[in-house]
Amino acid sequence: MSLDIFWFLPTSGDTRYLGKSNSGRTATNEYLQQIAVAADNLGYDGILIPTGSGCLDPWVAASSVAAVTRRLKLLVALRTALTKPTAAARMAATLDQATQGRLLLNVVAGGDASELPADGIFLDHDERYEEASEFLGIWRRLLAGEKVDFEGKHHRVKGAKLYFDAVQRPHPPLYFGGSSSSAHDLAAEHIDAYLSWGEPPAAVGEKIADVRARAARRGRKLRFGVRLHVIVRETNEEAWAAADKLISRLDDEVIAKVQARYAAMDSEGQRRMAALHGGHRDKLEVSPNLWAGVGLVRGGCGTALVGDPQTVAARLKEYVDLGVDSFVLSGYPHLEEAYRFAELVFPLLPGKQPVTIQDQVMTGGPFDASTVKTDAQAEQVAA
């Protein structure tokens, strides 16, 4: 089975260290294009373009990177409460046409309730999922070619119709992640691929089983994926040293402030992420090679697989054995780590090819020793 491996586009900025440092990088259009082109050339299957108050607009960012990529799928965040379903259907069909069928949608119904009012969203947790269900019901019907009349609690349309088609039928695939019961119902009713944040495999397996059962009761089947950070080095010792270095600039005061903010959120997924480490540095390996250090100060996915290539590939397989066929990965800084993961781990994953030159002497100099044949190459020529 071939795996879909996505990379993350850091539209809120990038860094070499979490916390205060002088290594921050602004999320410029040029930098994001560099990451997207690298992911495209390296053989990643797609990139996730997130949403949030501190992020660049995902649809504009997607349009920018679409112009410089060839085969890369664009998993674009769609926060349903920010727009109307008819307008969103037109946007999706337009971008799917512009990318020749490379558009995927990552549905976002949750978020930080303390920030949502700034965007005009005054819905509690369960109301946000009610709204998203109504939205997606209209959206899916429009992209399937129907003329829609609908009157619900959150959305009302009359004579809604889409006058041009998306490339992908019946619509660009819908991805989504959420941990609450309301979220699992939304996934079972509308979603094509359910994404879990990188909890220990047993916990992810429980979520997959619950969503799968709810979907089956509706006569539906879903694909499953996991969102993770990765810290891969040639040896386990180097990888764990890199993990420690990533949080070496953090102080306890910053961690406490961030964790207090997360505790006030109504997100079940964020609660589960925070519970993995409890805001403490002394218990960050929450499962073999699964490290929760990122979540000390980063919202959303807060865990990373840490280790050498063989170890990380083996840990990914543990999720695959649960029914997962997609991974959305990231690492700090995102440009360099996109290369590092592809170089070290792609040769070990089904459906992926090596991205480096094999068995050849390389120096990068003008009088390159690449002209010097290795013993194996010399024997092959002699034969």
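Please specify each residue of segment 58-75 satisfying the condition of being among the small types (Gly, Ala, Ser), part of a loop (DSSP other than H, G, I, E, B) and in contact (Cβ under 8 Å) with a residue 12 or more places away in the chain. Break it down into steps so the answer makes sense when it comes.
Of all residues in segment 58-75, those among the small types (Gly, Ala, Ser) come to 61-64, 66-67.
From the residues that got through so far, the ones that are part of a loop (DSSP other than H, G, I, E, B) too are 67.
Selection gives nothing.
Might you let me know whether segment 154-176 holds any residue that is assigned to a helix (DSSP H, G or I) and surrounded by 14 or more Cβ atoms within 10 Å (Cβ to Cβ)?
Checked segment 154-176: no residue is assigned to a helix (DSSP H, G or I) and surrounded by 14 or more Cβ atoms within 10 Å (Cβ to Cβ).
Tell me whether segment 19-26 contains one or more residues that are in the same structural domain as residue 96 (by TED's automatic domain parsing) and on the phi > 0 side of the Ramachandran plot.
Yes: segment 19-26 contains one or more residues that are in the same structural domain as residue 96 (by TED's automatic domain parsing) and on the phi > 0 side of the Ramachandran plot.
Scan segment 49-77 residue by residue and report those that are hydrophobic (A, V, I, L, M, F, W, C) and either touching a Lys or Arg at 6+ places or on another chain (Cβ under 7 Å) or more than 16 Å from residue 14 (Cβ to Cβ) (or both).
59, 60, 62, 66, 67, 68, 72, 74, 75, 76, 77
Just name the residue that is nearest to residue 194 (Cα to Cα) out of those in segment 321-336 that are part of a helix (DSSP H, G or I) and in contact with a Phe, Trp or Tyr (Cβ under 9 Å, 6 or more places away or on another chain).
For segment 321-336, the residue satisfying everything is 334.
Within segment 123-132, can you find the residues that are within 25 Å of residue 160 (Cα to Cα) and not in a helix (DSSP H, G or I)? Walk me through how you get there before you give the answer.
Filtering segment 123-132 down to residues within 25 Å of residue 160 (Cα to Cα) leaves 123, 127-132.
The one that is within 25 Å of residue 160 (Cα to Cα) and not in a helix (DSSP H, G or I): 123.
When segment 76-113 is examined, which residues are found to be in a helix (DSSP H, G or I) and among the β-branched types (Val, Ile, Thr)?
Passing the criteria: 80, 86, 94.
Go through segment 177-201 residue by residue and tally those that are part of a helix (DSSP H, G or I) and either without any contact (Cβ under 8 Å) to a residue 12 or more places away in the chain or of a type in the set (Phe, Trp, Tyr) (or both).
1
For every residue, the table says whether it meets (1) hydrophobic (A, V, I, L, M, F, W, C); (2) surrounded by fewer than 19 Cβ atoms within 10 Å (Cβ to Cβ).
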| position | (1), (2) |
| --- | --- |
| 241 | yes, yes |
| 253 | no, yes |
| 266 | no, yes |
| 270 | no, no |
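Going by the conditions given, is residue 196 among the hydroxyl-bearing types (Ser, Thr, Tyr) and under 30 Å from residue 170 (Cβ atoms)? Give the derivation first.
Numbers: among the hydroxyl-bearing types (Ser, Thr, Tyr): yes; under 30 Å from residue 170 (Cβ atoms): yes.
So residue 196 passes the test.
Condition check: of a type in the set (D, E, K, R), surrounded by 19 or more Cβ atoms within 10 Å (Cβ to Cβ) and touching a Leu at 6+ places or on another chain (Cβ under 8 Å). Does residue 79 satisfy that?
When the stated conditions are applied, residue 79 does not pass them.
Residue 274 passes all but one of (1) in contact (Cβ under 8 Å) with a residue 60 or more places away in the chain; (2) surrounded by 20 or more Cβ atoms within 10 Å (Cβ to Cβ); (3) out of contact with any strand residue (DSSP E or B) (no Cβ under 6 Å at 6 or more places or on another chain); which number fails?
Residue 274 satisfies all of (1) in contact (Cβ under 8 Å) with a residue 60 or more places away in the chain; (2) surrounded by 20 or more Cβ atoms within 10 Å (Cβ to Cβ); (3) out of contact with any strand residue (DSSP E or B) (no Cβ under 6 Å at 6 or more places or on another chain) except (1).
Scanning segment 26-52 for residues that are under 13 Å from residue 334 (Cα atoms) and out of contact with any helix residue (DSSP H, G or I) (no Cβ under 9 Å at 6 or more places or on another chain), which turns out surrounded by the fewest Cβ atoms within 10 Å (Cβ to Cβ)?
So the residue we want is 26.
For segment 334-353, does any single residue satisfy the condition of being among the hydroxyl-bearing types (Ser, Thr, Tyr) and buried (at least 19 other Cβ atoms within 10 Å of the Cβ)? Spell out how you get there, then give the answer.
Filtering segment 334-353 for residues among the hydroxyl-bearing types (Ser, Thr, Tyr) gives 339.
From the residues that got through so far, the ones that are buried (at least 19 other Cβ atoms within 10 Å of the Cβ) too are none.
Scanning segment 334-353, I find no residue that is among the hydroxyl-bearing types (Ser, Thr, Tyr) and buried (at least 19 other Cβ atoms within 10 Å of the Cβ), so the answer is no.
When residues of segment 100-132 are filtered for being of a type in the set (Ser, Thr, Tyr) and crowded, with 21+ Cβ neighbours inside 10 Å, how many remain?
Qualifying residue count, segment 100-132: 1.
The values are calculated or read from the model by the stated rules, or taken from the named source; none is laboratory data. Keep in mind it's a predicted model, so treat the numbers as computed, not measured. Cβ sites come from the backbone with ideal geometry, for glycine too, and all protein chains shown count toward neighbours.
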